[in-house]
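*Asks:* The structure is given below, and queries will be raised subsequently.
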Amino acid sequence: MKFQFKYLACLFFLLPLGMASQTFTQTIRGSIKDADSKSALPGATIVILNLDTLKGGISDADGNFKIPNIPVGRRGVKVTYVGYEDAVMGNIIVSTGREVVLNIEMHERIILGQGVEIISEKDKTKANNELTTNSARNFSSEETERYAGARGDPSRMVANFGGVTSSNDARNDIIVRGNSPLGVLWRLEGVDIPNPNHFSSQGATGGPVSMLNTNLLANSDFLTGAFPAEYGNKTAAVFDLKLRNGNNEKNEFITQVGINGLELGAEGPITKDGASYLINYRYSTFKVFNALGINFGVSGIPEYQDMSFKFNFPTAKAGIFSVWGLGGTSTISILDRNRDTSNWSYVNQGQDLVYGSSMGVVGFTHLYFFSPTISGKFILSASGSTNLITVDTLSKAKVDFRDYDNHSADWQYNASYTVTDKINSHHLIKAGISYTQQYINYEAYYWSTQYHKNIYQLQDADNTGLGQAYIHWQYRITEKLALNTGLHYQILTLNNSQALEPRAGLRWQFKPRHALSLAYGMHSQTQPLIYYFYKSYDANTGQYLETNRNLDLSRSQHLIAGYDFNVGKNLRLKLEGYYQYLYNIPVSMHPNNSFSIINVGNALDGLPLVDSLYNHGTGQNYGMELTVEKFFHKHYYFLSTLSVYKSSYVANDGIERPTAYDGGYVFNCLAGYELALGKSKNKLLSLDVKYTTAGGNRYTPIDLNSSILNGQAEYFDNKAYSEKFAPYSRLDVKLSFRMNRKKMSHYLYANIENVLNQQNILQQTYDPSTHTVHAEYQLGVFPYGGYRLEF
C-alpha cells in the first residue's frame, strides 16, 4: 500500500513542475434543439460566459454551432432564440485533451399577456426527461467522477441523493425509499437492459464493479418514484442512461488506469457528413494491484473486462441511425485445494468456489422526423446474461465432490416504436409500444445430504413474452403550471398476468423561486424469471413441480408531494414526502412463514429460491427527504441530504414486520473545493469529502441450537428482521489534480474511503467448525488512485 501512495504523491508534485504559464484554448461546439420535438433550431445565439472578452456564435441551418479558441477552465454557455426561454449551462470543464460538444435543448415560451424575460438555467434538481413531475434528478459523468467514494460508478454516486442508500461497501446495490434493489430499472438508449455489473448474481440488479463507463455516458436521469408512463415493469427506481455521440470532426483518445481497470478509448469521425464512432475497452487491474501487495480481502483475484461502443450516422433526409452496445465478462476462483488443510480460508469448510458471470446488449436505433414537430423512434435490441457457479467440497484427503452447480442463461430480443408529437407550445403527446421475447436456459442442482442425491433446483429451457404500451400527455397550462398524465399497460404471456397503470403529476411554480408538485402512479413488475421456472422436489413422488409458474405481477401505488425553493442562483432546497403501498406481493403458502419477495434482492449469495409462492403479501414505505444543494460555483459545491423513512411488510403469517431495508434514516454530506493554480488556469487542484451515516442493516437472528444440530445456519423465522446492527458511518476523502498541456490533458486522483476505519457490521454468519456466531465487517480503510490522459 505504501508503494502505491508514495508514487502517487510524487506524481502530484512533479507534474506541475516546469510548466510555463501559457494559456491554452479549446473548441466549444454542439447543437441547439427543441426540448420536446428534438428538431433543430437554426439562428440561435450562443454566448460563452466567464470570459474577459465576448465570444459567441450563431447556430446554422441544422442547429449546429462551433466556437474556437476558448481558454481552458470552467466556462458557461448562454443560448437565446426567438420564442424560446433562454438556456444557460454552467460549470463546463474546458480542457485541451478533448473538444467540448454540447447538446442544448430549449423550451418554447407560452406567451399569455405581456411578455416577460424567462431564463431557463439548467436545474440540476430536475430530470432531462421533461415529462417527470418530481422525484427525479439528472446527473452527469463529471459528477459521477467528482464525488468522493463514487468510484466512477453511477449506482454509488446516486446513493448520495435523497431517499437512496446502499447497504454494502463491496457491492453497489441501491435501496430506494425502502424498496428492494429488484425494483430498480436499468435503461440504456431507450432499452431495458440486464444488470450492468460484473460478478452479478442471477436476477439481481447490483454487483461489485460497474460495466458502465463514465467516459461514454451523456447526461442521464435517476428517478425514485411515480415515474412517467414510458417506464414500466419496475416499482422502485429508474436509471435512464444515455451514451454520448463520438466527436464527428476530429479523432480523440483516452487512456486511464484505476480501481475500475486499465482503459483505452477512442472516438472520431467516420465520414465527412457527421457520422462518428465511440469505443472503449477496459480490463481489470487487480492482478497488478495484488503484485504490489495490495490485499482486497479475498483469497481469489477477480478478473473482468468490458467494452462499450456507439456508432452514429445522421443523414439529411432519412433520419439518424445508430448502433450501440455494452458487454462484459467476469470470473473469480477461490480455491482451497492448494492450501494447508489446517488453515482452509473459505468459511473454514474447505471448499473450492468458481464464480463467473457475463452480460451483453447490442442495439440499433433509427430516429426519423416526419415534420419539425413529429418524430418516430424505432429500436431493435438483443441482450442477455449468464451465470456459471460451481462449489466443490473437499475432504481432508483433498478428495472433492460437487456440492453445487449452476449454469444459467437469460436472453431476450426487443422491438419498440415511439412517436412524439409536439402539437403546440401547450400540448405534447408521446406514445410507444414494445415487445420483448425472453428465453431462459437454467440448470442448477445441489447435493442433498438428506436424500443422498443431486436435487435439481432448475432444469429448464423455455421462453415467454413481455408486451408493454403507453401514452403520455403533457399540458403546459402556463409557463408556471404543467400537468402530466398517462397510462401504461403490460402483459406477461407466460401466464397472461397484466396491468393497466394510470400516472399523473402536477407542478406549479407559484412564485419565481418556489414550486409545489404532486405526483401519483400505479406501478407493477414481473418477478425474476428464475422464480417462475424454479422446480421443487417432491420426495413422495420423486417428481419436480413448478409451483410458482402462475405468479401474478407485484403492484404498488405511489403518492409524492414536493416543495422546491431556489434560495439563490446556485442554491436549492428540496423537500419531498411520499407514501407507497405495495400489494400482490409473492409470499410463501406454507403456514406461519415470514418469507416475502419484498425482502429479496441484496443477498451476497444471490436470490433465495423458494417454492409454493402466491400473491397475498403487502407492504408499505413512507418518509420525508430534505435536500440542500449548492451547485458548483465560485470554486466550490456542497450537497446535503437527510432521509427519514419507515418500511414494513406482511407475509403469510399476518404479522407486520420491518423489511430487510428498514434502516430508518440516512444522512449524506458532500463538499468540494477547486483551486486554480496560476493565472492561466491550466492546473486545477480539487479536494472532495463525503460523510455518510445511516441506520444499521436489519437482520434475522441465528438459532444457534438448531444450527449446531443441522450443521448449518438456521434462523428464527418468527423473528424475521427484528434485529438491527449498530448505525453505519463512513468518511471518504478524494484529492485530484487536473493539468492541461498543448493538445492533451492529465487527470490524477487519490481516494481514501472510510478514512476513520469505522468498523461497520455487514452480516452475522454461523461457523460450523467452532459452533459459534460471529460478525462479518465491511471495508476498513480503503485507499486507491488513478490516472487519465486525454489527447
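The values are calculated or read from the model by the stated rules, or taken from the named source; none is laboratory data. In this text, all values refer to a predicted model and were calculated from it rather than measured experimentally. Cβ coordinates were reconstructed from backbone atoms using ideal geometry, including for glycine residues, and neighbour counts include every protein chain displayed. These area figures cover heavy atoms from the full protein model, side chains too; ligands, DNA and RNA do not enter into them. Shrake-Rupley method; radii C 1.70, N 1.55, O 1.52, S 1.80 Å.
*Asks:* As an exercise: evaluate PRO591 against (1) open to solvent by 20 Å² or more (accessible area, probe 1.4 Å); (2) closer than 18 Å to PHE227 by Cα and give the number of the one condition it does not meet.
*Replies:* In the conditions (1) open to solvent by 20 Å² or more (accessible area, probe 1.4 Å); (2) closer than 18 Å to PHE227 by Cα, PRO591 misses (2) alone.
*Asks:* Follow-up question, since we're still on this one. Would you confirm, using the coordinates I've provided, whether SER517 is closer than 26 Å to TYR579 by Cβ and of a type in the set (Ser, Thr, Tyr)? Quick ask: steps written out before the conclusion?
*Replies:* Values: closer than 26 Å to TYR579 by Cβ: yes; of a type in the set (Ser, Thr, Tyr): yes.
So SER517 fits the description; yes.
*Asks:* On to the next question. Where residues in segment 622-645 are hydroxyl-bearing (Ser, Thr, Tyr) and either at pLDDT below 95 or not in a strand (DSSP E or B) (or both), which of them is nearest to the chain's Cα centre (by Cα)?
*Replies:* If we take residues in segment 622-645 being hydroxyl-bearing (Ser, Thr, Tyr) and either at pLDDT below 95 or not in a strand (DSSP E or B) (or both), then TYR637 is nearest to the chain's Cα centre (by Cα).
*Asks:* One residue is enough: does segment 226-233 have a residue meeting the conditions hydrophobic (A, V, I, L, M, F, W, C), within 21 Å of LYS310 (Cβ to Cβ), touching a residue at least 12 places away in the same chain (Cβ under 8 Å) and open to solvent by 10 Å² or more (accessible area, probe 1.4 Å)? Don't jump to the end; show me each part of the working.
*Replies:* Step one: list which residues in segment 226-233 are hydrophobic (A, V, I, L, M, F, W, C), which gives 226-227, 229.
Among the residues that remain, those that are also within 21 Å of LYS310 (Cβ to Cβ) are: none.
Looking through segment 226-233, none of the residues is hydrophobic (A, V, I, L, M, F, W, C), within 21 Å of LYS310 (Cβ to Cβ), touching a residue at least 12 places away in the same chain (Cβ under 8 Å) and open to solvent by 10 Å² or more (accessible area, probe 1.4 Å).
*Asks:* Which residue, of LEU487, LEU466, is assigned to a strand (DSSP E or B), open to solvent by 50 Å² or more (accessible area, probe 1.4 Å) and hydrophobic (A, V, I, L, M, F, W, C)? Before the answer, list the steps.
*Replies:* Values: LEU466 fails: open to solvent by 50 Å² or more (accessible area, probe 1.4 Å).
None of the other options fit; the residue is LEU487.
*Asks:* If you don't mind, there's one more thing I want to ask. Just the residues that are in a strand (DSSP E or B), within 26 Å of LEU639 (Cβ to Cβ) and open to solvent by 30 Å² or more (accessible area, probe 1.4 Å), please, taken from segment 569-588.
*Replies:* First, pick out the residues of segment 569-588 that are in a strand (DSSP E or B): 571-588.
Checking which are within 26 Å of LEU639 (Cβ to Cβ) leaves us with 571-580.
Answer for segment 569-588, where residues must be in a strand (DSSP E or B), within 26 Å of LEU639 (Cβ to Cβ) and open to solvent by 30 Å² or more (accessible area, probe 1.4 Å): LEU571, LEU573, LYS574, LEU575, TYR579.
*Asks:* Here are the criteria: (1) open to solvent by 30 Å² or more (accessible area, probe 1.4 Å); (2) within 18 Å of THR224 (Cβ to Cβ). Tell me which single one ASN566 does not satisfy.
*Replies:* Looking at each condition in turn, ASN566 falls short on (2).
*Asks:* Kindly check whether there is at least one residue in segment 166-180 that is closer than 27 Å to ILE104 by Cβ and among the β-branched types (Val, Ile, Thr). Outline the logic, then answer.
*Replies:* As a first pass, look at segment 166-180 and keep what is closer than 27 Å to ILE104 by Cβ: none.
No: zero hits.
*Asks:* Still on this structure: Can you find even one residue in segment 718-730 that is surrounded by fewer than 16 Cβ atoms within 10 Å (Cβ to Cβ), in a loop (DSSP other than H, G, I, E, B) and touching a helix residue (DSSP H, G or I) at 6+ places or on another chain (Cβ under 9 Å)?
*Replies:* Among the residues of segment 718-730, not one is surrounded by fewer than 16 Cβ atoms within 10 Å (Cβ to Cβ), in a loop (DSSP other than H, G, I, E, B) and touching a helix residue (DSSP H, G or I) at 6+ places or on another chain (Cβ under 9 Å), which makes the answer no.
*Asks:* Among the numbered conditions (1) assigned to a loop (DSSP other than H, G, I, E, B); (2) at pLDDT 85 or above, tell me where GLU117 comes up short.
*Replies:* (2)
*Asks:* Also, quick follow-up: If you check every pair at least six apart or on different chains, which have Cβ atoms under 9 Å apart with a residue in segment 42-59 that is without any contact (Cβ under 8 Å) to a residue 60 or more places away in the chain first and a residue that is of a type in the set (Ser, Thr, Tyr) and part of a strand (DSSP E or B) second?
*Replies:* THR45/THR80; ILE46/THR80; VAL47/THR80; GLY56/THR45; GLY57/THR45; ILE58/THR45; SER59/SER31; SER59/THR45
*Asks:* In addition: Using the structure shown, decide if LYS734 is surrounded by fewer than 21 Cβ atoms within 10 Å (Cβ to Cβ) and closer than 21 Å to ILE92 by Cα. Spell out how you get there, then give the answer.
*Replies:* Details: surrounded by fewer than 21 Cβ atoms within 10 Å (Cβ to Cβ): no; closer than 21 Å to ILE92 by Cα: yes.
When the stated conditions are applied, LYS734 does not pass them.
*Asks:* Hey, can you tell me all the residues within segment 594-609 that are of a type outside the set (A, V, I, L, M, F, W, C) and either surrounded by fewer than 19 Cβ atoms within 10 Å (Cβ to Cβ) or under 29 Å from THR386 (Cβ atoms) (or both)? It would help to see each step written out before you state the result.
*Replies:* Initially, segment 594-609 is screened for residues of a type outside the set (A, V, I, L, M, F, W, C), giving 594, 596, 599, 601-602, 605-606, 608.
Selection gives SER596, ASN599, GLY601, ASN602, ASP605, GLY606, PRO608.
*Asks:* Restricting attention to segment 242-260, which residues are surrounded by 21 or more Cβ atoms within 10 Å (Cβ to Cβ) and within 21 Å of the chain's Cα centre (by Cα)?
*Replies:* LEU243, ASN245, ASN260
*Asks:* Filter segment 490-514 down to the residues that are hydrophobic (A, V, I, L, M, F, W, C) and part of a loop (DSSP other than H, G, I, E, B) and list them by number.
*Replies:* Let us first name the residues in segment 490-514 that are hydrophobic (A, V, I, L, M, F, W, C), namely 491-492, 494, 499-500, 504, 506, 508, 510.
Answer for segment 490-514, where residues must be hydrophobic (A, V, I, L, M, F, W, C) and part of a loop (DSSP other than H, G, I, E, B): just LEU494.
*Asks:* Taking segment 422-443 only, how many residues are in contact (Cβ under 8 Å) with a residue 60 or more places away in the chain and part of a strand (DSSP E or B)?
*Replies:* Qualifying residue count, segment 422-443: 8.
*Asks:* From the residues in segment 469-484 that are in a loop (DSSP other than H, G, I, E, B) and of a type outside the set (A, V, I, L, M, F, W, C), which one is modelled with the lowest pLDDT?
*Replies:* Of the residues in segment 469-484, the ones in a loop (DSSP other than H, G, I, E, B) are 477-480.
If we keep only those that are of a type outside the set (A, V, I, L, M, F, W, C) as well, we get 478-480.
Values: THR478: 91, GLU479: 87, LYS480: 91.
Here the answer is GLU479.
*Asks:* For segment 675-712, how many residues meet the condition of being assigned to a loop (DSSP other than H, G, I, E, B) and in contact with a Leu (Cβ under 8 Å, 6 or more places away or on another chain)?
*Replies:* Here the count works out to 1.
*Asks:* Moving to a separate point now. Within segment 774-791, can you find the residues that are in a strand (DSSP E or B) and open to solvent by 60 Å² or more (accessible area, probe 1.4 Å)? If you could, list the steps in order and put the result at the bottom.
*Replies:* Residues of segment 774-791 that are in a strand (DSSP E or B), as a first pass: 774-777, 782-790.
Listed by number, the residues that qualify are HIS774, GLU776, TYR777, TYR787.
*Asks:* Is at least one residue of segment 525-536 open to solvent by 10 Å² or more (accessible area, probe 1.4 Å), in contact with a strand residue (DSSP E or B) (Cβ under 7 Å, 6 or more places away or on another chain), within 30 Å of TYR439 (Cα to Cα) and without any contact (Cβ under 8 Å) to a residue 60 or more places away in the chain?
*Replies:* No: segment 525-536 contains no residue that is open to solvent by 10 Å² or more (accessible area, probe 1.4 Å), in contact with a strand residue (DSSP E or B) (Cβ under 7 Å, 6 or more places away or on another chain), within 30 Å of TYR439 (Cα to Cα) and without any contact (Cβ under 8 Å) to a residue 60 or more places away in the chain.
*Asks:* Name every residue in segment 51-61 that is exposed (fewer than 15 other Cβ atoms within 10 Å of the Cβ) and in a loop (DSSP other than H, G, I, E, B), in order of residue number. If you could, list the steps in order and put the result at the bottom.
*Replies:* Filtering segment 51-61 for residues exposed (fewer than 15 other Cβ atoms within 10 Å of the Cβ) gives 51-54, 58, 61.
Of everything in segment 51-61, those that are exposed (fewer than 15 other Cβ atoms within 10 Å of the Cβ) and in a loop (DSSP other than H, G, I, E, B) turn out to be LEU51, ASP52, THR53, LEU54, ALA61.
Yes or no, residue by residue, for (1) assigned to a strand (DSSP E or B); (2) among the charged types (D, E, K, R); (3) at pLDDT below 90:
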{"residue": "GLN349", "(1), (2), (3)": "no, no, yes"}
{"residue": "VAL361", "(1), (2), (3)": "yes, no, no"}
{"residue": "THR390", "(1), (2), (3)": "yes, no, yes"}
{"residue": "ASP403", "(1), (2), (3)": "yes, yes, yes"}
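*Asks:* Still on this structure, please answer the following. Among the candidates ASP340, ASP306, which residue alone is modelled with pLDDT under 85, at negative phi and acidic (Asp, Glu)? Outline the logic, then answer.
*Replies:* Details: ASP306 fails: modelled with pLDDT under 85.
Answer to the selection: ASP340.
*Asks:* Quick one: what pairs do we get from segment 608-635, first residue free of Cβ contacts under 8 Å to residues at least 40 places away in the same chain, second of a type in the set (Phe, Trp, Tyr) and open to solvent by 40 Å² or more (accessible area, probe 1.4 Å), C-beta under 6 Å, 6+ apart or different chains?
*Replies:* THR618/TYR583
*Asks:* Of all residues in segment 653-672, count the ones that are open to solvent by 50 Å² or more (accessible area, probe 1.4 Å) and more than 26 Å from the chain's Cα centre (by Cα).
*Replies:* Here is the first cut: in segment 653-672, the residues open to solvent by 50 Å² or more (accessible area, probe 1.4 Å) are 654-656, 665, 667, 669.
Narrowing further to those that are more than 26 Å from the chain's Cα centre (by Cα): 654-656.
Within segment 653-672, residues that are open to solvent by 50 Å² or more (accessible area, probe 1.4 Å) and more than 26 Å from the chain's Cα centre (by Cα) number 3.
*Asks:* Turning to a different aspect of this structure: On the given criteria, is PHE239 within 17 Å of GLN490 (Cα to Cα) and open to solvent by less than 10 Å² (accessible area, probe 1.4 Å)? Can you show your working first?
*Replies:* Details: within 17 Å of GLN490 (Cα to Cα): no; open to solvent by less than 10 Å² (accessible area, probe 1.4 Å): yes.
Against the criterion (within 17 Å of GLN490 (Cα to Cα) and open to solvent by less than 10 Å² (accessible area, probe 1.4 Å)), PHE239 does not qualify.
*Asks:* Provide a single number: the residues in segment 528-577 that are within 18 Å of GLY601 (Cβ to Cβ), at pLDDT below 95 and of a type in the set (S, T, N, Q). Reasoning before the result, please.
*Replies:* Step one: of segment 528-577, the residues within 18 Å of GLY601 (Cβ to Cβ) are 528-532, 534, 548, 551, 553-556.
Add one more test, that the residue is at pLDDT below 95, and what stays is 528-532, 534, 548.
Filter once more, so that each one left must be of a type in the set (S, T, N, Q): 548.
Residues in segment 528-577 being within 18 Å of GLY601 (Cβ to Cβ), at pLDDT below 95 and of a type in the set (S, T, N, Q): 1 in total.
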